[in-house]
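Worksheet: one structure, shown below.
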Amino acid sequence: MKLFIPGPTQVHPEVLAEMSRPAIGHRTEECADLWREARQGLAWLMQTQSEIIMLTAPASAMMEAALRNFVKERSLHLVNGAFSKRWYEIGAANGTQAEKLEVPMGEAVTAPMLEQLLKSEADAGRCFDIVTVVHNETSTGTVTPIADLATVLKAYPQTLLCVDTVSSMAGAPIPVDEWGIDFCLFGLQKCLALPAGMAIASVSARALERAAEVPHRGWFLDLLKLSAKNVKEQSPTTPSTAHLFALVKQLQRIREEGLENRWQRHVDMARQVQIWATEKGWHMFPAEGFRSTTVSCIARGSGPDFVPALDALKASGILVSNGYGDLKGKTFRIGHMGDHQMSDIDDLLQRFDQALLTAAE
Ligand SMILES: Cc1ncc(COP(=O)(O)O)c(C=O)c1O
């Protein structure tokens, strides 16, 4: 099956081969070297001096870690789709006061909206410990402009900026330090193009200081414990060494391609898909200016029904995603991420055209 879903995505054979290396002891020198190399490579990728945390877990674990480590009383969650909503639900499930600022799917919370809410809270003598935001909402292919929100937050230093970059890190520029992100998380199964299984996050110095003030951070997701083990280039628990081998290899491959080239390749693939979709009478679901370069979410509009074509593609070994939740049948999503090349997209779109013709007969 060839994957054009919004993650997990295709894994390059060279990277896959690294995963079948013999297991190594997780307290050995060899593993410490891998751990160090992976952390250094990730800091380069994320353009940050912050502490890099790696955990054998899905990315959602890091979403929960933000709540467990940084929230004493209140969290604010910017919601515009399924994954940003999940972060709000994680907040509510952890027993602290979780609030949301919600806009319709396909739109993004803007800086003036955030400013207005934070100001009215401050006027009432209240503040939030964190603001959570999903950079690239995978359920709708919608990008939220993080730098604008970070500028607003400068006036509220007690509020940490926590950003989910699960489906954009390594596919789009996300300069963590320049934007002032305190906690930036992602998994490996999207634009990094590895199998799922490891969660990554950067944690700023002031976020670590905040964690030290939170008494019950739990054990597994305790960022101070994880950061203390980093000093020995180790994890408190047994990490997936298969993922470490593959991650180090993939970071080398990304260096060889060059970050700018990689981001541009994603821009080009997205543009190709957008042109193709509009020619069909479909339209992009997110508003202009908020469209992802890694996940295209296409709405039916006046175009043909795409559902039979999705089924036909699946039967021929190509997986493209239907819409998420309530958007099923109304939208579909193409993941053009990781190691997909323009030739893969050209091939996919030709096959899609063919599947539409066959479905119409
Ligand atoms: C934006 C976003 N956040 C979080 C997640 C959750 O990732 P995981 O399934 O690795 O926990 C996903 C998964 O698709 C996602 O797209």
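The values are calculated or read from the model by the stated rules, or taken from the named source; none is laboratory data. None of the values given here were measured: they were computed from a predicted structure. Every residue, glycine among them, receives a Cβ derived from its backbone with ideal geometry; neighbour counts consider all protein chains shown.
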> If the Cβ limit is 7 Å and pairs must be 6+ apart or interchain, which residue in region 54-69 that is assigned by TED's automatic domain parsing to the domain that holds Gln189 pairs with which residue that is among the charged types (D, E, K, R) and more than 11 Å from the ligand (Cβ to nearest atom)?
Replying inline: Met54/Arg39; Arg68/Arg217; Asn69/Arg217
>> Of the conditions (1) modelled with pLDDT of 95 or more; (2) at positive phi; (3) not acidic (Asp, Glu), Gly301 satisfies every one except a single condition; which number is it?
In response: (1)
> Of all residues in region 225-252 being out of contact with any Ser or Thr (no Cβ under 8 Å at 6 or more places or on another chain) and free of Cβ contacts under 8 Å to residues at least 60 places away in the same chain, which is surrounded by the most Cβ atoms within 10 Å (Cβ to Cβ)?
Replying inline: Lys225
> Going by the structure shown, is Arg255 surrounded by fewer than 21 Cβ atoms within 10 Å (Cβ to Cβ), charged (D, E, K, R), touching a helix residue (DSSP H, G or I) at 6+ places or on another chain (Cβ under 7 Å) and in contact (Cβ under 8 Å) with a residue 24 or more places away in the chain?
Replying inline: no
> Which residue out of Ala270, Ala277, Ala312 is closer than 21 Å to Asp347 by Cα, aliphatic (A, V, I, L, M) and surrounded by fewer than 20 Cβ atoms within 10 Å (Cβ to Cβ)?
Replying inline: Ala312
>> Exactly one of these conditions fails for Ile174: (1) crowded, with 23+ Cβ neighbours inside 10 Å; (2) outside any loop (DSSP other than H, G, I, E, B). Give me its number.
In response: (2)
> Do any residues in region 319-347 that are farther than 11 Å from Val273 by Cβ and modelled with pLDDT under 95 have Cβ atoms under 7 Å from those of residues that are surrounded by 13 or more Cβ atoms within 10 Å (Cβ to Cβ) and of a type in the set (D, E, K, R), where the two are at least six apart or on different chains, and which pairs are they?
Replying inline: none
>> Suppose we keep only residues that are surrounded by fewer than 24 Cβ atoms within 10 Å (Cβ to Cβ) and not in a strand (DSSP E or B) within region 129-145. Which one would you say is farthest from the ligand (Cβ to nearest atom)?
In response: Asp129
> Taking the condition more than 15 Å from the ligand (Cβ to nearest atom) and touching a Pro at 6+ places or on another chain (Cβ under 8 Å), does Thr110 pass?
Replying inline: yes
>> Against the definition (at negative phi and either within 11 Å of the ligand (Cβ to nearest atom) or not assigned by TED's automatic domain parsing to the domain that holds Val71 (or both)), how does Asp148 come out, yes or no?
In response: no
>> The conditions are (1) touching a residue at least 60 places away in the same chain (Cβ under 8 Å); (2) surrounded by fewer than 16 Cβ atoms within 10 Å (Cβ to Cβ), and Ser120 fails exactly one of them. Which is it?
In response: (1)
> Is at least one residue of region 160-171 part of a loop (DSSP other than H, G, I, E, B), over 20 Å from Thr110 (Cβ atoms) and away from the ligand (no atom under 16 Å from the Cβ)?
Replying inline: no
> In the set Thr358, Thr293, which member is of a type in the set (S, T, N, Q) and surrounded by 15 or more Cβ atoms within 10 Å (Cβ to Cβ)?
Replying inline: Thr293
